[in-house]
Amino acid sequence: MTSVSTRDLPLVIQGGMGIGVSSWNLARTVSAAGQLGVVSGSCIDTVFARRLQDGDPGGHLRQAMEAFPFPEVSAAALKRYFLPDGRDEGEPYRLVPMWKHKANRVQEQLTMLASFVEVWLAREGHDNPVGMNLLTKIQMPNLATLYGAMLAGVDYVLMGAGIPKEIPGALDAFENHEPAALKLDLEGPNQGEREFIRFDPREHWEGEPDGPLKRPDFLPIIASNSLAKMMVRKANGEVNGFIIEAPTAGGHNAPPRGELTTNERGEPVYGQRDEVDLEQMGELGLPFWVAGGWGSPEGLQEALEAGAAGIQVGTLFAYARESGLDPELRGRVLQQARQGEVDIHTDLRASPTGFPFKVVQLEGTNSEEEMYEKRDRVCDLGYLRAAYRREDGRVAFRCPSEPVDTYRKKGGDVEETEGRKCLCNALMADVGHGQERDDGPERPILTSGDEVRNLGRFLGDRESYSAVDVLDYLVDGVEADVQAPAKSRSLRLPQVVAQR
């Protein structure tokens, strides 16, 4: 395998933070400044539909919709979801249909459109690369999301929260508008025959497609050398590099390797087995970026000296003015950061996926257990539901954050419901699109990397900052031509100074 030069690759990849935090506005700002901006594709159909119902301020979505190659799809979406004056106060959002492994044509087309719009807007006004981040765990919308992004010319696809070994082959197929399939993960016994999620682009074209599409580079997000080697050997298409993510990164983390132990706060403890040998990564001959606590000039320089192409940074960009984070929520965290009082907890139980999940401790949000217990359990978005086979052989879906009796009747273990939170609805609230309930709007659950504890140092006496401020800070004075990897270097677990 030929070694890849890192000279033409981005030094900084902006993290693909969902749901909607890595917005087209943030990604466009970063890419226009010469680094790699990344949009979040997670739950993009719901984010898109709710933006339309909030009136599409500025008309950006409608502008991008005019460029979508299927005008009838754009017209149907406007008719169903667009409210010129936005919703009335207290009016709930109209829901998009929940995904199943056998999606209907309308569902696929709405997701293609939403993904296309996000990437198209991120690419507007410059000629630099743009990426999209997806979660492997959210299986069912991913194929339609990828094809929509490719229609808009996406340059990179980043995927973590699972083992995305079937995605490179799907990208290869979509290059020529050919069908692709993913094996559906099924929980529990009685799995029977394999089930697949299928997507055929040609079903959406009346005639022949308008020539081949650009195949984006694929960067899986991994946490171990063994997973990187497995992806290179067993992926069904080309892998173009890696994001190596330490457990200090925000969102979902890989669980510790080996026996689980916890600290006094009930958080998982990571050790030497969770460090990645960067020398071994270099031997794969593919570029890699390190993520999770590396968001500083010193971190970037150290990564380059260890043979990395650069770093991926999430937390600093999440609180920039251009991110999709609700301004009121962003302001509260920045205020706490200035006072040195912001804290974060790695929760082993919060996520329905079973992965550890970082939760910012913020008063008045669903990070507070007592407050969350008052919330009626409801699953009306369903992105994190798991598939299982019923006794009659049919495939059905369940989520440990749905009503306990419902989960139990579906054959779920009641113990799995303990401590679980509805991340789909809570993360939608993070970006100002929380559903209206009888007792008021859905409350957020904010996630960030451990580096949020150090945010006050970067912020200084400023009230806010831009994504360009982040880039200026990161690359200032860095020797970008460092190429030679250090010997026997491991991906350290970055040390974060706790401020609480």
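The table that follows gives values for the structure above.
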{"read-out": "Residue check for A67: of a type in the set (A, V, I, L, M, F, W, C), surrounded by fewer than 21 Cβ atoms within 10 Å (Cβ to Cβ) and closer than 14 Å to G148 by Cβ", "value": "yes"}
{"read-out": "Any hit, region 140-160, residues being surrounded by fewer than 20 Cβ atoms within 10 Å (Cβ to Cβ), aliphatic (A, V, I, L, M) and more than 17 Å from R385 (Cβ to Cβ)", "value": "no"}
{"read-out": "Residues within region 69-96 that are farther than 21 Å from M112 by Cα, out of contact with any helix residue (DSSP H, G or I) (no Cβ under 9 Å at 6 or more places or on another chain) and not small (G, A, S), tallied", "value": "5"}
{"read-out": "Options D127, D172: the member that is more than 20 Å from the chain's Cα centre (by Cα), part of a helix (DSSP H, G or I) and among the acidic types (D, E)", "value": "D172"}
{"read-out": "Tally of residues being more than 23 Å from E72 (Cβ to Cβ), among the hydrophobic types (A, V, I, L, M, F, W, C) and either free of Cβ contacts under 8 Å to residues at least 24 places away in the same chain or surrounded by fewer than 24 Cβ atoms within 10 Å (Cβ to Cβ) (or both) across region 110-137", "value": "0"}
{"read-out": "Residue in region 114-122 that is over 23 Å from W205 (Cβ atoms) and not polar (S, T, N, Q) present", "value": "yes"}
{"read-out": "Boolean, V452 is under 30 Å from Y372 (Cα atoms), out of contact with any Cys (no Cβ under 9 Å at 6 or more places or on another chain) and of a type in the set (A, V, I, L, M, F, W, C)", "value": "yes"}
{"read-out": "Where a residue in region 140-169 is within 19 Å of G241 (Cβ to Cβ) and touching a residue at least 40 places away in the same chain (Cβ under 8 Å) and its partner, wherever it lies, is crowded, with 24+ Cβ neighbours inside 10 Å and among the acidic types (D, E), with Cβ under 9 Å and at least six apart", "value": "A149/E118; G160/E245"}
{"read-out": "Helices (runs of 4 or more DSSP H) contained in region 364-473 and holding at least 2 residues more than 19 Å from the chain's Cα centre (by Cα) and over 29 Å from E193 (Cβ atoms)", "value": "369-373, 404-409, 455-459"}
{"read-out": "Residues satisfying the stated conditions in region 118-158, i.e. of a type in the set (A, V, I, L, M, F, W, C) and more than 20 Å from G324 (Cα to Cα)", "value": "I138, M140, L143, A144, L146, M150, L151, A152"}
{"read-out": "Residue in region 132-153 that is farthest from L423 (Cα to Cα), counting only those that are in contact with a Gly (Cβ under 7 Å, 6 or more places away or on another chain) and modelled with pLDDT of 95 or more", "value": "A149"}
{"read-out": "Residue check for W289: outside any loop (DSSP other than H, G, I, E, B) and either crowded, with 21+ Cβ neighbours inside 10 Å or in contact with a strand residue (DSSP E or B) (Cβ under 8 Å, 6 or more places away or on another chain) (or both)", "value": "yes"}
{"read-out": "Exclusive hit being part of a loop (DSSP other than H, G, I, E, B), in contact with a Gly (Cβ under 9 Å, 6 or more places away or on another chain), surrounded by 24 or more Cβ atoms within 10 Å (Cβ to Cβ) and of a type in the set (G, A, S), set G340, G295", "value": "G295"}
{"read-out": "Residues of region 242-258 classified as buried (at least 20 other Cβ atoms within 10 Å of the Cβ) and either free of Cβ contacts under 8 Å to residues at least 24 places away in the same chain or at positive phi (or both), total", "value": "1"}
{"read-out": "Residue identified as modelled with pLDDT under 90 and touching a helix residue (DSSP H, G or I) at 6+ places or on another chain (Cβ under 8 Å) among G266, G285, G258", "value": "G258"}
{"read-out": "The one condition in (1) of a type in the set (D, E); (2) without any contact (Cβ under 8 Å) to a residue 60 or more places away in the chain; (3) closer than 22 Å to Y156 by Cα that E238 fails to fulfil", "value": "(2)"}
{"read-out": "Of all residues making up region 208-235, the number that are within 24 Å of P356 (Cβ to Cβ) and buried (at least 17 other Cβ atoms within 10 Å of the Cβ)", "value": "10"}
{"read-out": "Residue count, region 206-235 (criterion: in contact (Cβ under 8 Å) with a residue 40 or more places away in the chain and more than 25 Å from G282 (Cα to Cα))", "value": "3"}
{"read-out": "Subset of region 425-439 [surrounded by fewer than 24 Cβ atoms within 10 Å (Cβ to Cβ) and more than 20 Å from G331 (Cβ to Cβ)]", "value": "Q435, E436, R437, D438, D439"}
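The values are calculated or read from the model by the stated rules, or taken from the named source; none is laboratory data. A quick note: this is a predicted structure, and the numbers were derived from the prediction, not measured. So basically every Cβ, Gly included, is an ideal-geometry build from the backbone, and we count neighbours across all protein chains shown.
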